[in-house]
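Colleague: Below is the structure I would like to discuss, written out as structure tokens.
Computed from the coordinates by the stated procedures, all read-outs in this text should not be read as laboratory data. Given the structure is predicted, the values throughout are model-derived calculations rather than measurements. Backbone-built Cβ (ideal geometry, glycine too); neighbour counts: all protein chains shown.
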């Protein structure tokens, strides 16, 4: 009894100073979620769990990784993979999570587009989400440099060359980023700092902004229905849980979230133990050699679609197209001029536009892995033009869309 009283007094003391009960209500038990949503709304929680796996596995890898051009490769491929107990497991978890997280991000993005979750006061949810995508991309690229294998070195060389801005030849900017004329110790040290400190801090901050933006206008639903959350919440709290159109975030929606997460983790650990090879480029198992260029340089699969937009054009036009691809998704809430907050299949031309975009990005991804020659070059060029064209026509096809 004394123990219970003591625990209660501690809780009361903390509650008076940190408003624990109020925060719990605002963020969980009285944070209302529409009933008419499906499993795709759980992708945010799946992303949070995957990011957690990346953080934990990254901390274990950090214990043995050596950010030095002379020892980095061996510290990853020999020390961690062969000498440290279960080091191979933590590397597999980190590599698979780094790849799978982008699959979930793309599903999350496309779900938002399909259901119009960027519209009607939800613009900041979308913008903060796209900034998170940029931060995850920076984290993935900086992490890809750390094993200091052949593809790490040459991918770093190619990507940093983009900052020369084509014919402007801003080579001083490239050298400033690398810390040298070519990737070397300064380059590796800088990207190590970005990967383990600066970018993760940015990701954590953006997750906070994203969740805050999500909390204010509330979550969208699969019917695009405009729900009066205050009225529906009162119904729920009055005991009319069946008649109410909302449920609690905790633990009603959270239980559904965790069910989807559990299925995801089965898939994830299947990849970790039996099919981890897809997340590790064979070329990167050769030590970095600045005098031996790989026959075909390409990024990881999640960057291939934007890389393929760059390749078919001349240097300057390619850079403009590449920059266009990086920025255009952020502008989606302002390019879609329709008042409808409906699923894409109920919006006529927009539904066709959405599926053409998905197909086009898949084609760009497939072509980005193949050598730019023959029919592959032609298909890549058509797909790149198609991607740009789809975004150019979006304001026009949505402006004529009738309200349904």
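Colleague: Roughly how tilted is helix 87-114, in degrees to the nearest 10 and between 0 and 90, from the longest Cα axis of the chain?
Modeller: The helix 87-114 is inclined about 60 degrees to the chain.
Colleague: Between 0 and 90 degrees, rounded to the nearest ten: what's the tilt of helix 374-399 against the longest Cα principal axis of the chain?
Modeller: 30
Colleague: What spacing in nm lies between the two simple spin-label points modelled at residue 376 and residue 241, each 7 Å away from Cα in the Cβ direction?
Modeller: It works out to 5.6 nm between the two label points.
Colleague: Something else about it: Find how much the distance from residue 259 to residue 231 grows on full extension, using 0.36 nm per residue of separation minus their present alpha carbon separation; answer in nm with one decimal. Mind showing how you got there, number by number?
Modeller: Working: separation 28, 0.36 × 28 = 10.08 nm, distance 2.87 nm.
My answer for the length gained is 7.2 nm.
Colleague: Using Cα extents along the principal axes in Å as the read-out, say which of (i) 75, 40, 36; (ii) 73, 66, 40; (iii) 70, 48, 35 was calculated from these coordinates.
Modeller: This structure yields the entry labelled (ii).
Colleague: Let me ask you something else. Compute the distance from the alpha-carbon center of segment 361-381 to that of segment 148-173, in whole Å.
Modeller: 22
Colleague: Provide 301, 355 in ascending order of the number of other Cβ atoms located within 10 Å of each residue's Cβ, fewest first.
Modeller: Lowest to highest Cβ neighbour count: 355, 301.
Colleague: Another question, then. Sorted from fewest to most neighbouring beta carbons within 10 Å, what does the list 346, 245 look like? Mind dumping the intermediate values first?
Modeller: Values: 346 13, 245 18.
Fewest-to-most ranking of 346, 245: 346, 245.
Colleague: Counting other C-beta atoms within 10 Å, which of 306, 164, 262 has the fewest, and how do the rest follow? Numbers along the way, then the final one.
Modeller: Working: 306 22, 164 17, 262 10.
Final ranking by Cβ density, sparse to dense: 262, 164, 306.
Colleague: Only helical DSSP H runs with n ≥ 4 go in: add -39500 (n - 2.57) per run for the chain, normalise by residue count and round the 222 nm mean residue ellipticity to 500 deg cm²/dmol.
Modeller: On the way: 16 runs with 239 residues, N = 404.
Taken over the chain, the calculation gives -19500 deg cm²/dmol.
Colleague: Next up: Between the helical axis of 123-145 and the dominant principal axis of the chain, each derived from Cα atoms, what acute angle in degrees is found, rounded to the nearest 10?
Modeller: For 123-145 against the chain, the angle is about 40 degrees.
Colleague: Hey, quick one: spin label on residue 22, modelled 7 Å out along Cα-Cβ, who in segment 180-218 has an amide N within reach, i.e. under 16 Å?
Modeller: Once the point is set 7 Å along Cα→Cβ of residue 22, nothing inside segment 180-218 turns out to lie under 16 Å by backbone N.
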